[in-house]
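Quick notes on the structure that follows.
The numbers here are math on the coordinates, done by the rules we state, and not lab data. Quick caveat: nothing in here was measured; it's all calculated off a predicted structure. Counting neighbours? That spans all protein chains shown, and the Cβs are built from the backbone with ideal geometry, glycine included.
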Amino acid sequence: MSWEPRIIAFLCNWCSYAGADLAGVSRLRYPPTIRIVRVPCSSRVSPAMILDALKSGADGVLVSGCHPGDCHYLTGNLFARRRFFMLKKLLEFVGLEPERVQFAWVSASEGDVFAKVVSELTEKIKLLGPNTRFRKILGGKI
Amino acid sequence: MLTEKIREIAKKLLEEGKIEAFLCYEGTSHPFRNRAVLVKSPEEVKKLLWPSFGVINLATPLQKLKGQKAGILATGCVSRAIVVLIQEGQLKREDLFVVGVPCPGMLDPSKVRDKAPEIIDVIDDLKDEVLIVTPEDKIKFSREELLRNNCQECRHPVPPLYDLLLDFSGREKSPDPYRRVQEIEDLTLEERWQWFEREVLRRCFRCYACRQACPLCYCPTCFVDDSRPQWVGKTRDLIDTALYHLVRAYHLAGRCVDCGSCEAACPMDIPLRLLTKKLEKEALLAFSFEAGLDPEAPLLFTSFDENDPEDFMLTSELKASGKI
Amino acid sequence: MFYFLPREALKNWLSEISKVHEVFVPVSPSGFGPYEGKLYLEKKTKLSAKEFFLPWREVILKFEARPGALPSPVFFEPVKERIIFGVRPCDAKGLTLIEKVFGEDPFFQKRREKTILLGLLCKEPGRECFGWAMGVNPFAGEGLDALFLEQAEGYLVKLLSPKGEKLFKDQEAFEKVGEEAQNSFKKAEKEFLEKHPKAPALEKLKEADLLKLYEADFWEGLALPCLNCGICTFLCPTCYCFDVQDEVVGLEGERVRLPEACMFELYSRHASGHNPRRSPVARFRNRFMHKFKYFLDEYGEPLCVGCGRCNEECPAGINLWEVIRAMSTL
Ligand code: SF4
Ligand code: SF4
Ligand code: SF4
Ligand code: SF4
Ligand code: SF4
Ligand code: FES
C-alpha cells in the first residue's frame, strides 16, 4: 500500500468546520488524509497543540478559521493571524519543513475552498514524504 | 565611577525613606560572577557595585519582592523587562523606584573564561579595555570582544523607564543587531535543522535554567510542568527538547527584551537567544513592534492590525495562484 | 599493587581495550563520551560520570498502552561491560555516597557491577575544588577500581579492587613497578593531606540543632539570588533526586526514571496539588539541609565531595561556602 499522509486539521466551530461539513454534504472529492479536531475558534489553537500533533506522528497540521471580520468572537482570528505568523517564522528558522504547518481561512459557505485546501496540502506533504524530523519515537534519540 | 554613583544614590534613597530596600549586585569570590543582593539599610550599600558580570536580569529576583517599595538598578534591558512586567500586571509601577543607567554592556563569563586557564581577576574600564589578570600576567582585551552577544546586539542600552537616570555615557545602539540571526537564516533548511539539533537539542539537558533566569517566564505552572495533558516529555528526548525550546521561545515573542539571562544561565553555553532574537526581528519587520518600551502600550499578541500580513497562509497562496 | 604506563602509550592502550570493552573517556570540557581518539584530561568535566549510573533515561518497565494489558518488567536494560577512564576521585567518591542510598536499587547496582572505573588524580586542585574539606582523600580512590597518578614520564597506576586487578593482569602496555614508585605515590598523598585538612565546619554541623537550622532566618537572604534552576543539582556528582514517568507513543509505553531536582517546584508537588516546598526559599534550603545536615546525620558524611561544580556554574553566583558558613556558625 502506498503511504498516505496523516494530517491533523484544527477547524473552528463556526466557519471552517461548517465549511468541511458542506464539502461533505456537497459530495466534493478530496483526499481522505485529514483527521478533524473541532475547536471553538482558530485563536484557541496554541503552538503546543500543533507541535504535539507532529510529535505524535502527524505528517502535517492545518489550522483553519473564519475570514477576517467573520470570527464568531469578532477578533479571535485576527489575534491568531499574528501568532501563526510568528510561529511559522520560528519553525522555519530551526529547519522544520514549513509546508507541514499550514493556516487557512475557510468560511461556512466555502465547501469547495475546503476541498481545495485539503487537496493542495496533501499534495505538498506527499512531496515531502512522512514526518520523520519531528516525530517522537519511544527510546529515540537523546 | 558607576559603583560610587550607585552607592550614593542607594544610600540617599534608603536614608530618605523613599524605598525600603535596594536591589543591585555585589561581588562574589568568583572573579567573573556577580550576584543579586538586596540591601535594606544605608550601612549596607558599601556591598553594592556596578556588575561587569551582572548577567542575570535583576527583574527576575525583583519579582520575589512583591509588596515592598524597592529601588532597583536598571540597565536598558532590566528597565524593559520591568515595562513588560507592568504591562502584564506582574509589577506595580508605584512599588518601584527605578535607577536607570545608560548601559555600557556587560561581559560574557564564558568568553572571559576561555581566555586563560586560570583567572584571578578581571578589570573592566567600562569603555574600551578589559584586563584579565592571571597568576603570571595581565592580558589586555578589547571590551567589545568580551561583551555578551546580546550586549553587542543591543538596541536599547538606555532605559526607557526610570525615576532617575545616572549620569554616564553608555554604549551606542547596535548598528547590526541581527547579524547572528542572519547567519542562521542564510543556511538551507536542512542545515538549519542540523544546527538546531547539534547546538541546541543534543546539548540541552533540561535543567530549565534558561526559563528560571528569564524575568518574563513567571507562569505559576510552566507548560512543561503540565501533566494533563503533558505537552512535553521529561527526558532528554530530542523531540521533547525541541518542543520545549520552540514553545518557550514562542511564549517570549513580543515580550523578550533580549537581556541574555537565559543564555548566560545555560550551563552548556547553548545559543538560545537566537530563537528569541529571530522573533524580535520578525516582530520589528512585520509589525514595527518592540517589547518593553512603553508601559501603556498594548502587547504584540494582545493587539492586531487589520492589515497584518497573511501571505504566509495557504489560502493566500491558493488565491495568488488562481486556484481558489 | 602498582603499574606504570608511559604517557605516549595511553592513547594506544585506550584503543586496544576499546576493541574488547566499551570505553568512555572525558572527550571535552562538557563531559564524557565513547573513546574515539579524543581525550580531554586538563580539568574535570562539567558533567560527571554520574550519568553512567543514574542515566538520563532509565527504562524500568515496558507496557502496551491499552486497557487490560499487563506490563512487562524490564528491570534493567542489558548493560555491556564497560570501562570509564579519567574519572576524578571526588566524582568516584560521589558514587559511593549515592550508593549508600541506592545500594538496593537493581538498576544502579547492575550498572556499578558492569563498570570498571579508572580514576585520574588532578594535577592540582581546581579553583573551586574543596574535596579535602569534605573529607575526601583523592589518593584513596574510593569507588574506583584503579587510580592513575600523572608523573613526569607517564602514569603511576594503583590498583584498588579485584575488578581492577583482573583488568590489568594481562595488559602489556603496563609495567609492574617496585617499591620506589609506590613510595612516590605515598609521598604525594602525604604531602597533599598535610596541606589540605578537613573543614572544621562539618563537626559543627553535626552538632547543630536540626530544627534551629531549618528555621534560621539566613535562608531568605541567601536564597534571594537563587533561580531555583537545576544546574547545581544536575551537575552535582552526588545529587540523586529522580522522577518516574510513563512515556507513551501510540500504543507503546515505557516507564522511565530520570534525574530531577529538589530545586524544582514540580519535584515536591503532591498529586493533591499540595506542595510542602512551594516557596523557592524552601527548595533552596532543602538542597543544603539535605547535603549538610540530613545526610550528614544519617551517614556521618556530607552529601558533597567538594568538586566545586555548583560554585563554578551557578549563574546566580551562589557560593556553597557562604551557605555552609551561615549554617555552621548559627
Ligand atoms: S528569553 Fe532570554 S533574553 Fe529574552 S527576556 Fe527572557 S532571559 Fe531575557
Ligand atoms: S516557557 Fe512559557 S509557560 Fe513556561 S514559564 Fe515561560 S512563558 Fe510560562
Ligand atoms: S539552560 Fe541550557 S541546558 Fe538548561 S534547559 Fe536551558 S538550554 Fe537546556
Ligand atoms: S544555587 Fe545556583 S545553580 Fe543552584 S538552583 Fe540556585 S541559581 Fe541554580
Ligand atoms: S554540592 Fe557542589 S561541590 Fe558538592 S559535590 Fe555537589 S556540585 Fe560538587
Ligand atoms: S470563530 Fe472561527 S476563527 Fe474565531
³J(HN,Hα) across segment B:88-96 via Karplus (A = 6.51, B = -1.76, C = 1.60, θ = phi - 60°), whole Hz, x for Gly/Pro? 8, x, 8, 10, 9, 3, 6, 7, 10
Per residue of B:207-218, other chain Cβ atoms within 10 Å number on average 5
Mind checking the mean number of beta-carbon atoms from other chains within 10 Å of the Cβ atoms in B:197-203? 2
Proxy exposure order for B:218, B:178 (fewest C-beta within 10 Å first) is B:218, B:178
Find how much the distance from residue B:131 to residue B:306 grows on full extension, using 0.36 nm per residue of separation minus their present alpha carbon separation; answer in nm with one decimal. 57.7 nm
Burial ranking of peptide ranges C:189-200, C:47-58 (average Cβ count within 10 Å, highest at the top): C:47-58, C:189-200
What is the magnitude of the charge dipole of the protein assembly as shown about its Cα centre, with +1 placed on the Cβ of each Lys and Arg, -1 on the Cβ of each Asp and Glu, and no other charges, expressed in debye to the nearest 20? 1200 debye
Give me the dipole magnitude in Debye, nearest 20, for segment B:227-294 about the Cα centre, with unit charges on the beta carbon: positive for Lys and Arg, negative for Asp and Glu. 260 debye
Under 5 Å, built H, 5+ apart or other chain: amide partners of residue C:22: C:83
How much mean residue ellipticity at 222 nm does chain B get from its helices, if each DSSP H run of length 4 or more adds -39500 (n - 2.57) and you divide by all residues, to the nearest 500 deg cm²/dmol? -8500 deg cm²/dmol
Within a 10 angstrom radius of the beta carbon, how do C:263, B:268 rank from fewest other beta carbons to most? B:268, C:263
Residue C:155's amide H: which non-local residues (gap 5+, or another chain) put their own amide H closer than 5 Å, with H modeled 1.01 Å from N in plane and none for Pro or chain starts? C:5, C:7
Inter-centroid distance (Cα atoms) of segment C:282-330 relative to segment B:177-220, Å: 32 Å
Which loop chymotrypsin sites (Phe, Trp or Tyr not before Pro) in segment A:1-69, with loop taken from DSSP, have no more than 12 other Cβ atoms within 10 angstrom of their Cβ? A:3
Env charge @ residue B:18, Cβ radius under 15 Å, K,R +1 / D,E -1, value -2
Between helix A:111-128 and chain A, what is the angle of the helix's C-alpha long axis to the longest principal axis, kept within 0 to 90° and rounded to the nearest 10? 10 degrees
Evaluate peptide C:246-257: per residue, the Cβ atoms of other protein chains within 10 Å of its Cβ; return the mean as an integer. 4
Cys with no candidate disulfide partner in chain B (beta-carbon separation under 4.7 Å rule): B:24, B:103, B:151, B:154, B:204, B:207, B:219, B:222, B:256, B:266
Check each of the GluC sites (Glu not before Pro) in segment B:1-57 and keep only those in coil by DSSP with at most 11 other C-beta atoms within 10 angstrom; list them in order. B:16
How would C:262, B:151 line up from fewest to most surrounding beta-carbon atoms within 10 angstrom? C:262, B:151
I'd like the orientation of helix A:16-25 relative to chain A: the angle between its Cα long axis and the longest Cα principal axis, in ° from 0 to 90, rounded to 10. 80 degrees
Which trypsin sites (Lys or Arg not before Pro) from segment C:211-296 combine a DSSP loop assignment with at most 14 other Cβ atoms within 10 Å? C:278
Run the helix sum for chain A: -39,500 (n - 2.57) per DSSP H stretch of 4+ residues, divided by residue count, reported at 222 nm to the nearest 500 deg cm²/dmol. -12500 deg cm²/dmol
About the Cα centre, charge dipole magnitude for chain C (Lys/Arg +1, Asp/Glu -1 at Cβ), debye: 260 debye
If you wrap segment C:1-97's Cα atoms in a convex hull and average its projection over all directions, what's the area in nm²? 9.2 nm²
Of the residues C:296, C:63, C:178, the Cα lying farthest along the dipole of chain C towards its positive end, which is defined by charges on the beta carbon of Lys, Arg, Asp and Glu, belongs to C:296
Just list whichever of C:123/C:204; C:93/C:212; C:19/C:80; C:100/C:206 have alpha carbons separated by over 20 Å in the model shown. C:123/C:204; C:93/C:212
Degrees between helix B:76-87 axis and first principal axis of chain B (Cα, 0 to 90, nearest 10): 60 degrees
